[in-house]
1. Considering the range 447-471 alone, what residues qualify as being assigned to a loop (DSSP other than H, G, I, E, B) and in contact (Cβ under 8 Å) with a residue 60 or more places away in the chain?
2. With respect to A380, determine if the residue is under 29 Å from P444 (Cβ atoms), free of Cβ contacts under 8 Å to residues at least 24 places away in the same chain and of a type outside the set (K, R).
3. So which residues in the range 417-444 are crowded, with 18+ Cβ neighbours inside 10 Å, closer than 22 Å to A366 by Cα and aliphatic (A, V, I, L, M)?
4. Restricting the range 397-414 to residues that are closer than 23 Å to A476 by Cα and of a type in the set (A, V, I, L, M, F, W, C), which is nearest to the chain's Cα centre (by Cα)?
5. Checking E372 against (1) modelled with pLDDT under 95; (2) of a type outside the set (F, W, Y); (3) surrounded by fewer than 22 Cβ atoms within 10 Å (Cβ to Cβ); (4) out of contact with any Pro (no Cβ under 9 Å at 6 or more places or on another chain), which test does it fail?
6. Quick one: which of R318, R268, R275 is touching a residue at least 60 places away in the same chain (Cβ under 8 Å), among the charged types (D, E, K, R) and touching a helix residue (DSSP H, G or I) at 6+ places or on another chain (Cβ under 7 Å)?
7. Restricting the range 211-247 to residues that are in a loop (DSSP other than H, G, I, E, B), more than 24 Å from L483 (Cα to Cα) and touching a residue at least 12 places away in the same chain (Cβ under 8 Å), which is farthest from the chain's Cα centre (by Cα)?
8. Going by the structure shown, is R433 modelled with pLDDT of 95 or more and either part of a helix (DSSP H, G or I) or of a type in the set (S, T, N, Q) (or both)?
Amino acid sequence: MADGGMTPDTAAAETSRSIAPGWARRRALFTDAFPVAVFFGWAAVFVALLVLNIQNRAFYLDSWAHMVFHFVLPASLLGAVLAALFLPVAVRLAVALSLAATVPAIYGVELYLAATRFGNGRAIDAGANFDARDKLRVLNDLGRAGQPAFPVTYVRSLLRDNGNGELVPALAGDVPLLPLAGMPDATLVVCNETGQWTIYNSDPHGFRNPPEAWSRTPRVVLVGDSFVHGHCVQSDQSIPAHLARRFGRVLNLGSGGHGPLAELATLREYAEPLRPPVVLWVFYEGNDLTKDFAPEWRAPILRAYLDDPGFRQNLMTRRGEIALRVRRHLDEKLTETMARIDHPFELWRDILQVYHLRKVLGLGVAALGVIEGDLDENIARFARVLEAAARSVRGWGGQSIFVYLPDGERYFGAIKNNPVRERIRRSVLEIARAANLPVVDLDPVLAAAPDPAGLYVFPGAHFNAEGYALVAAAIAEAPAVRLAVGARQAQSR
């Protein structure tokens, strides 16, 4: 007899009855609450997509295919997951498990792409020489080795929110100062996409040129963003370096993160005093209007270059002040300044947003319609900026040429035909022609390459050395460029 006069069978029955309610609750939680959570989670995703597409409906009303893909499909998927709530218990649970399994599958692919992006056949096979250090550690290691180095500072990294919706210069001092390039005459650490960090010595004004580039009037000046600057290759592999071998005196005024207003400011501060005969304005489809322009517009000091043609910070004469104030700022707020561009958790943030997989699919933020500011408003403002720039160059007797650099997702993304990109392309080219600027459109060049995706380090990265060489050759061979440079050379003789 068991304790208390109970037989073993009676004791087992009592134990079963005592634990049954707990198991029943857990089973109910799994069979009932779990499917509801999964279905409503996916419903939230489809609602977000539908709301975003409705907000950007102007892009998608031009064809039935776009309307089906952007409105009918997410609405149908939303209806399907909500209808699944009324399926029989066993079927509902099976569907929920299948949908839940897609989440780790998606992030598994994302992790794989993130982990192998340096070894996917597009990048340099760094092998044992792959440099896994983050930028802060590279800076510290160079400093300990007796070579003080600084991160490349971007316009956005030297602006702060004043609490009233405006961005103002972050550098301490009695007079506002917003540098448009990196630290002058310094060792600068830029980026690592190939497996090796790009490190170079800046010129006397903080740009990426040999020191002698400022000793004589350049024949050609380039303004633009990171693609003009030369992310993330060696200095002799950049577009300006290739053009210099072709045309002689070429000045690189490109800087990472520059949008239209920063480029206009750079033109006024650095190109205008030199009065170069030819200016190449390089527009990047991927972020100039969708990401960089709206924050710049919030900065009164940058808008001043557009609103007042005579506004200047006189940056060329303030080299020493720029170096001193930027150095002091970085000494005090290095990580804060870097975090505005080089976020310490950037890789994990990208993974959370499924960045690499979206890039492979051709679904970057611009393609999805995630745009900072209103695109129509940005386009109208860009027309003013480009006309102001062209007017400035004409004022000193120079020739502006507009270079259109497409987003790489056109070539390596699975979804290439995107209405947002097409809207940007169509509008911007119309603006350039309305400003009477010769246009060099690089889309046909990149599209005609045997392997366009092979011109980039990896999806979402910059060009590799081959890509930069191809683009530079196309610019140099463009009739508008050859005619302008040749005519100016003839006039100078």
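The values are calculated or read from the model by the stated rules, or taken from the named source; none is laboratory data. Keep in mind the model is a prediction, meaning the values are calculated, not measured. Backbone-built Cβ (ideal geometry, glycine too); neighbour counts: all protein chains shown.
1. Within the range 447-471, V457, F458, P459, G460, A461, H462, N464 qualify.
2. Yes: the conditions hold for A380.
3. Scanning the range 417-444 gives V420, I424, V428, I431, A432, L442.
4. L405
5. Of the numbered conditions (1) modelled with pLDDT under 95; (2) of a type outside the set (F, W, Y); (3) surrounded by fewer than 22 Cβ atoms within 10 Å (Cβ to Cβ); (4) out of contact with any Pro (no Cβ under 9 Å at 6 or more places or on another chain), the odd one out for E372 is (4).
6. Numbers: R318 fails: touching a helix residue (DSSP H, G or I) at 6+ places or on another chain (Cβ under 7 Å); R275 fails: touching a helix residue (DSSP H, G or I) at 6+ places or on another chain (Cβ under 7 Å).
Step by step, each of R318, R268, R275 is checked, and only R268 is touching a residue at least 60 places away in the same chain (Cβ under 8 Å), among the charged types (D, E, K, R) and touching a helix residue (DSSP H, G or I) at 6+ places or on another chain (Cβ under 7 Å).
7. Among them, the one singled out is Q234.
8. Yes; evaluated as a whole, the condition is true for this residue.
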